[in-house]
Amino acid sequence: MKHLILVASIACATILGSCSKDDSSVKQLSQADAKVELQKVSSNFGAEYKTMQQNKGIKALVTLSKIADKGLLPSSFASIASLEAVKSSLSPLRNPIAPVLKGSETPFDFNKKGKYTYTNGKFVFSTTTTKDIVIVFPTEGSTKNNAVLTLSKYAEIYVAAQEANVPTQIEANLSVDNVTVFKISYNAAFGELLNGLGTNGVASADLSMSFAPYTLESHDKVSMNQGKAVATSSTSFKNGNKQLVSAQEAFNISLNEKTGDVAFNGDVALQINNLKLEGKLSLAYNMDGDFDYKDIDINKAIKLAAFTFPAGDKIGDIIANKDKQGKITPMIVYGDGTKESLLTYFNSWFGNINK
């Protein structure tokens, strides 16, 4: 489901880099106890994922995304409805060296206010509203138009280098059977970031989403000063008052535009239920040469460990195992040195998310 992929990617995109603890100050769990903790995370989040699949807000967005993908609405709606537009807009702040923008090639005409009503297998447009863009449609399994998406604010910029229209503001809410089931507020200001890090200024983005009882908040900022930048990001994903995911990251980035040399150094902490990942990222490369991300020795660039939360007992170190075809499998190294694939615990729900 595209919306759960987005939630996972926003909340867990930092899983590959994070801050290390002094091993001498923490308790190392036995292999048996470590396995129990990993199984807890798998079971807890797996159950949460199943519950999310039945969430009315997510299901309604999925329905609208499918409708838009069929060409029954302007193509820009598909990107907005699937939230892929937001994910793309965040890319320059999450990856300021080489952002991947996949915005719509066609500008979104927010000035064309009105209502799109699903009727006899197609949408009929009318100018019965001059304030918002409203989409009225049936959720999956419904025989009547029981869902209303209201887009009250929207703005975007055109990035010529990547031929993409990327949103900088979205305000919308979705109701099903007259009950609000989804809200989104997104604001981004790129400043000079899209012109490269060899500039000055600040870029930022703030995202707030709710699909009751779930809420997601993220805040990103990149401060640039002539080839050097500090990038920070924080994400919180909750079910009511229960913290499901919490992530914080801070990176120092330097870019020499004359030589093409790039350096990343930073810390990240990611908490998922009763599991916390901490580590460090240190990476240097030349972007003007024959550099390929696939050539990175991940285990040298990233030092990552898993701990119980909130107790802080060490479960093990996390490494990447790359096979001859280049496929990477995350592995856990227990205190006794034995290794096991993390997919043993997480493949069931990660696999479902990626379907």
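Considering region 173-188 alone, what residues qualify as being open to solvent by less than 50 Å² (accessible area, probe 1.4 Å) and of a type in the set (A, V, I, L, M, F, W, C)?
Once the filter is applied, which keeps residues that are open to solvent by less than 50 Å² (accessible area, probe 1.4 Å) and of a type in the set (A, V, I, L, M, F, W, C), region 173-188 yields LEU174, VAL176, VAL181, PHE182, ILE184, ALA188.
With the requirement that a residue be over 22 Å from ILE272 (Cα atoms) and at pLDDT below 90, what does region 300-341 give you?
Within region 300-341, LYS300, ALA301, ASN321, LYS322, ASP323, LYS324, GLN325, GLY326, LYS327 qualify.
Conditions tested, residue by residue: (1) over 28 Å from GLY57 (Cβ atoms); (2) among the small types (Gly, Ala, Ser).
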position	(1), (2)
THR150	no, no
GLU156	no, no
ALA172	no, yes
SER175	no, yes
THR180	no, no
ALA189	no, yes
GLY196	yes, yes
ASN200	yes, no
PRO213	no, no
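What's the total number of residues in region 74-98 that are modelled with pLDDT under 75 and within 14 Å of the chain's Cα centre (by Cα)?
So the count comes out to 1.
Could you say whether any residue in region 217-225 is outside any helix (DSSP H, G or I), at pLDDT below 90 and not charged (D, E, K, R)?
yes
Could you check how many residues of region 158-167 are in contact with a Leu (Cβ under 8 Å, 6 or more places away or on another chain) and either open to solvent by less than 60 Å² (accessible area, probe 1.4 Å) or β-branched (Val, Ile, Thr) (or both)?
3
I'd like the full set of residues that are open to solvent by less than 30 Å² (accessible area, probe 1.4 Å) and not hydroxyl-bearing (Ser, Thr, Tyr), limited to region 89-98.
LEU90, PRO92, LEU93, PRO96, ILE97
I'm trying to understand the selection: among the residues of region 125-178, which are in contact with an Asp or Glu (Cβ under 7 Å, 6 or more places away or on another chain) and hydroxyl-bearing (Ser, Thr, Tyr)?
Passing the criteria: THR150, SER152, THR168.
Within the bounds of region 235-255, is there any residue that is crowded, with 16+ Cβ neighbours inside 10 Å and in a loop (DSSP other than H, G, I, E, B)?
No, region 235-255 contains no residue that is crowded, with 16+ Cβ neighbours inside 10 Å and in a loop (DSSP other than H, G, I, E, B).
Quickly run through region 114-152 and pick out the residues that are of a type outside the set (A, V, I, L, M, F, W, C), open to solvent by 60 Å² or more (accessible area, probe 1.4 Å) and free of Cβ contacts under 8 Å to residues at least 40 places away in the same chain.
Result: LYS115, ASN120, THR127, THR128, THR130, LYS131, GLY141, THR143, LYS144, ASN145.
Name the residues in region 256-288 that are open to solvent by less than 50 Å² (accessible area, probe 1.4 Å) and part of a loop (DSSP other than H, G, I, E, B), would you?
Correct list: GLY260, ASN273, ASN274.
Could you count how many residues in region 43-88 are open to solvent by 50 Å² or more (accessible area, probe 1.4 Å) and not in a loop (DSSP other than H, G, I, E, B)?
Total satisfying the criteria: 13.
Pick from region 324-344 the residues that are charged (D, E, K, R), more than 27 Å from the chain's Cα centre (by Cα) and in a loop (DSSP other than H, G, I, E, B): which of them is farthest from VAL26 (Cα to Cα)?
In this case the residue turns out to be LYS324.
The values are calculated or read from the model by the stated rules, or taken from the named source; none is laboratory data. A quick note: this is a predicted structure, and the numbers were derived from the prediction, not measured. Cβ coordinates were reconstructed from backbone atoms using ideal geometry, including for glycine residues, and neighbour counts include every protein chain displayed. Remember, those area values only see protein heavy atoms, side chains included, never the ligands or the DNA or RNA. Shrake-Rupley method; radii C 1.70, N 1.55, O 1.52, S 1.80 Å.
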